[in-house]
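> Take this structure first; my questions come after.
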Amino acid sequence: MTDTAPLPEPTCNQHALYDKLIVPRFPEDRISHDFLQGGAVILKQPVDGYRAAVDAVLLAASVQVGGQRDRKILDVGAAVGSAGLCVARRIDDALVTGVELQDDLFALFCRNIVENGFEGRVHALHGDINDRQLPLSAESFDQVISNPPYYAGGTRPANQSRATAHQEGSADLAAWIGFCLKMVRQKGRVTLVHRADHLDRIIGLLYGRAGDMTVYPIWSKASADAPLRVIVSARKGVSSPLKMRKGLVLHDEAGQYLPEIDSLLRKPAQLPGF
């Protein structure tokens with residue numbers, strides 16, 4: 001069981017309600033010291049349990065900030081902060097808030113903010129999106145990004161952290177998308193990365209509530225019969241038609257990253273053709 005103690009770093013939580021929050025101290029022997037984007041982002045994450053994947057980097061690469069009205073970004077289910085940290089590294093004007101439920105991941109998220117020098121630009125909030133006392137105001141963000149849990153059911157992973165991150169719990173996909181739409185301003189953008197075989201669910205949950213939708217498939221290989229993941233982006237209260245993009249192929253037939261994907265993952269860049 002994890003010991004608890006006040007976080008020794010400067011607080012990364014800017015909400016007065018949580019100023020005295022006790023954050024779990026994560027055992028050093030369970031921390032993996034990693035990097036994203038070719039070393040541009042320092043990432044502490046668990047040796048076991050949840051691990052940041054390429055999905056978070058691609059989600060971050062989909063974010064565009066065109067001015068002051070785009071810069072306030074909420075990351076729902078931030079985990080150790082990988083997507084939000086990548087956004088902040090690439091876009092100097094971005095102001096990122098990340099919400100994370102799990103104690104241990106939140107603790108590492110806070111440390112990652114300090115390690116990357118993002119105090120004041122990236123803020124971590126510990127809480128449950130089902131909690132009505134969560135100190136966030138509706139329609140207070142210009143953009144909301146999220147990598148929701150991918151599995152509605154099935155056999156839960158033995159590791160509790162991985163199970164919570166990967167399987168829907170008290171908040172299913174409908175609740176997750178509903179929260180994202182609640183938090184984003186009118187005409188603001190919600191962007192999700194999810195399993196491609198859940199695209200029908202995502203479009204159905206956004207229909208009538210958000211439009212100007214972009215669907216961007218992510219293929220494992222060019223020879224694949226169906227995409228592996230999909231990035232879906234839509235604007236709240238807008239009814240423009242859906243745009244289907246060509247998307248991105250990750251690997252060659254031998255399973256190695258294609259050169260353009262390797263470059264995208266190794267340096268802060270915008271998602272091509274999004």
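The values are calculated or read from the model by the stated rules, or taken from the named source; none is laboratory data. All values reported here derive from a predicted model rather than from experimental measurement. A quick note on method: Cβ atoms are made from the backbone with ideal geometry, for glycine too, and the neighbour counts reach across all protein chains shown. Only protein heavy atoms, including side chains, enter the accessible area calculation; ligands, DNA and RNA are left aside. Shrake-Rupley method; radii C 1.70, N 1.55, O 1.52, S 1.80 Å.
> Would you call Lys187 open to solvent by 30 Å² or more (accessible area, probe 1.4 Å) and at positive phi?
yes
> Considering only residues of region 33-48 that are outside any strand (DSSP E or B) and touching a residue at least 60 places away in the same chain (Cβ under 8 Å), which is nearest to Arg189 (Cα to Cα)?
Per the criteria, the residue is Gln37.
> Can you tell me which residues in region 41-50 are under 18 Å from Asn116 (Cα atoms) and open to solvent by 30 Å² or more (accessible area, probe 1.4 Å)?
Selection gives Ile42 alone.
> Also, quick follow-up: Can you name the number of the only condition in (1) at pLDDT below 95; (2) crowded, with 16+ Cβ neighbours inside 10 Å; (3) more than 21 Å from Ile202 (Cβ to Cβ) that Glu168 fails?
(3)
> Moving on to the next point. For Asn116, indicate whether it is open to solvent by 10 Å² or more (accessible area, probe 1.4 Å), in contact with a strand residue (DSSP E or B) (Cβ under 9 Å, 6 or more places away or on another chain) and of a type in the set (S, T, N, Q).
For Asn116, the condition - open to solvent by 10 Å² or more (accessible area, probe 1.4 Å), in contact with a strand residue (DSSP E or B) (Cβ under 9 Å, 6 or more places away or on another chain) and of a type in the set (S, T, N, Q) - is met.
> Still on this structure, I have one more. Name the residues in region 127-145 that are crowded, with 24+ Cβ neighbours inside 10 Å and not hydrophobic (A, V, I, L, M, F, W, C), would you?
Gln143
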